[in-house]
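Notes to accompany the following structure.
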Amino acid sequence: MINTFRSAKTLRNLTMLVLVTGLAACSGAPRVEPTGINDPHEQNNRKVHAFNKKIAGSGNGGGLAKAVPVEFQTIIHNVAENMSMPQVAVNSFLQGDIQGFGLATSRFAINSVLGFAGMVDAASEFKVPEHDTDFGETLYVWGVGEGAYYELPIIGPSTGREVAGRVVDLFTNPLSYALESPEKYVGTAAKLTDRVLKNSRRSDMISDVLDGSTDSYAQARLIYLQKRRYELSSRTGTMATYDDPYAN
Amino acid sequence: MMTHTQTKLGRRAFIGGVCSIAVARPAVAMTADDATAFITRLIADIYRVIDSGVPEADMIPQFEALFGRYADIDIMAQYALGVDGRSASPAQKAAFSDAFSGYIAKKYGARFGEFIGGRIEVESARKIKPGYEIKTTAYLRGESPIDVIFLVSDKSGELQFFNMFLEGVNLLLTERSEIGSMLDQRGGDLDTATLDLKVAR
């Protein structure tokens, strides 16, 4: 009962979040590169973290990735990547990233036709590099601030901006409008399977952070924020500035 | 036990001091090529260990030796300790530095198994405040390429790296947070944290 109430509240909060970030996007605020940690929901996030940790511990470690042939894992990855290309193209377009739009469109065309519906990454053979983006990045490009830190159940670390991006991305995949019912879920299924396999391959690293750390919540938060900020800022060619430990 | 460790460290610190006097020389400005060559040598040495085919447990001491040779451990340990390090005695600092070196070698050395069959390419060098930023890309089997950045300086009297970034994740910052959590959990007791760091992982 309380749970239902809670999730209804969460849903309402999320809707608000999307609306607010949408408005912020329209205002075209200048982009600020955040450095600190903005975690006003730490207490709740820590509860979710404990839950996620329990789930991670119940898996069979890297067993799955070892059991599934590498060739099959590659095919799953290729299909998932190919099915996401129209969405990447849409987001690249929204970011004004003409090159990214071209890459995503070319990769989708080449791999759908020459790569047997995306099972083979033929585009890479033709030196068309991979390109990936999402609506979270689109919001970043539009100048939306990072927002608060969230740890989401199962999905893991995120920020207000990324949560809003995820919600919007549920609707930005052209394939989900173009394809009929069973086919349009192929992309989602491939994506989920790819994620599970990737987590399994990385299970050593994940369990290192979760089990090997004194405060795995703080470590996961710091690692996620650094990685995501790097991903976003390095694409815009922002030069990193470094702390000089010799100066102190 | 405690006294033994301390005398040993005292001697080590003394020898270290003598050596650094011997090594210290008028700073000849390091060039981008020097820094690049330095990282290229480091990568070659890491791969020599990985490709030697010895079991992982035997690789760790070798990685620790490489870390000792190529990294400015003292400055890294000092940064990781953060403000908690200011009140530490020289002996405490030396003991922590020693424990930190083993901890880093174990923690990151264990990851190098994934580098088998892969390669690391040096991309570029850029002048930064205390030295150079060397950008490299690690190509691991079955993974997207990983950006690895080394920060190199000669402020210690010789070329050494003092920080590393994996896909933007700052090794020193991440370890400073971890060490901070360890200290918090032990009521700020550096000696206990140092001992626990020695047996960590």
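Coordinate-derived values only; no laboratory data. Please read all numbers here as calculations on a predicted model, not as lab measurements. Don't worry about glycine lacking a Cβ; one is built from the backbone with ideal geometry, like all the others, and counts go over all protein chains shown.
Derived scalar couplings between HN and Hα for segment A:204-210 equal 4, 5, 5, 6, 4, 6, 6 Hz in order, rounded to whole Hz, by the Karplus curve 6.51 cos²θ - 1.76 cosθ + 1.60 (θ = phi - 60°), x for Gly and Pro. When both segment A:216-248 and segment A:125-174 are represented by their alpha-carbon centers, they are found 18 Å apart. A simple packing score, the average count of other Cβ atoms within 10 Å per residue, orders the peptides A:167-177, B:78-88, A:135-145 as A:135-145, B:78-88, A:167-177, with the highest score first. Assign one of three labels to segment A:42-233, namely rounded, prolate or oblate, based on the Cα gyration tensor with a ≥ b ≥ c the square roots of its eigenvalues; rounded applies when a/c is under 1.5, prolate when it is not and a/b is larger than b/c, and oblate otherwise. Oblate shape, in that a/c is at least 1.5 and b/c is the bigger or equal ratio. Let me check against my output: what whole-number percent is the relative contact order of chain B, with C-alpha pairs under 8 Å and at least 6 apart? In percent, rounded to a whole number, it is 23. For the listed peptides A:103-113, A:229-239, a ranking on the average number of other beta carbons within 10 Å per residue, highest first, reads A:103-113, A:229-239. Summing +1 for each Lys or Arg and -1 for each Asp or Glu among the other residues whose beta-carbon sits under 9 angstrom from that of A:Ala65 gives +4. Which of the three applies to segment A:184-235, rounded, prolate or oblate, going by the alpha-carbon gyration tensor with a ≥ b ≥ c and a/c under 1.5 meaning rounded? Taking the square roots of the gyration eigenvalues as a ≥ b ≥ c, segment A:184-235 is oblate. Net length available on complete extension from A:Asp243 to A:Arg202 is 11.8 nm, with 0.36 nm assigned per residue and the Cα-Cα distance removed. Beta bridges from DSSP with both residues in segment B:4-199: antiparallel share about 95 percent, rounded to the nearest 5. Taking θ as phi - 60° and the Karplus parameters 6.51, -1.76 and 1.60, the scalar couplings of segment B:112-119 work out to 5, x, 5, 7, 4, x, x, 8 Hz in sequence order, x denoting glycine and proline.
Is segment A:49-102 rounded, prolate or oblate when judged by the Cα gyration tensor, a ≥ b ≥ c being the square roots of its eigenvalues, rounded requiring a/c under 1.5 and prolate requiring a/b larger than b/c? Because a/c hits 1.5 or more and a/b fails to exceed b/c, segment A:49-102 counts as oblate. Peptide packing: for B:60-67, A:83-90, the average count of neighbouring Cβ atoms within 10 Å per residue gives the ranking A:83-90, B:60-67, highest mean first. Relative contact order of segment A:42-233, taken over Cα pairs closer than 8 Å and 6 or more residues apart, is 27 percent. Counting only alpha carbon atoms, the long axis of helix B:2-23 and the longest principal axis of chain B meet at about 50°. Altogether, the Stokes-Einstein calculation at 10 °C and 1.306 mPa s, with the Kirkwood radius of segment B:4-199 over Cα pairs as Rh, returns a diffusion coefficient of 89 µm²/s.
Couplings for segment B:67-77, taken from phi via the Karplus curve 6.51 cos²θ - 1.76 cosθ + 1.60 with θ = phi - 60°, read 4, x, 7, 9, 10, 8, 4, 4, 5, 5, 5 Hz in order; Gly and Pro are left as x.
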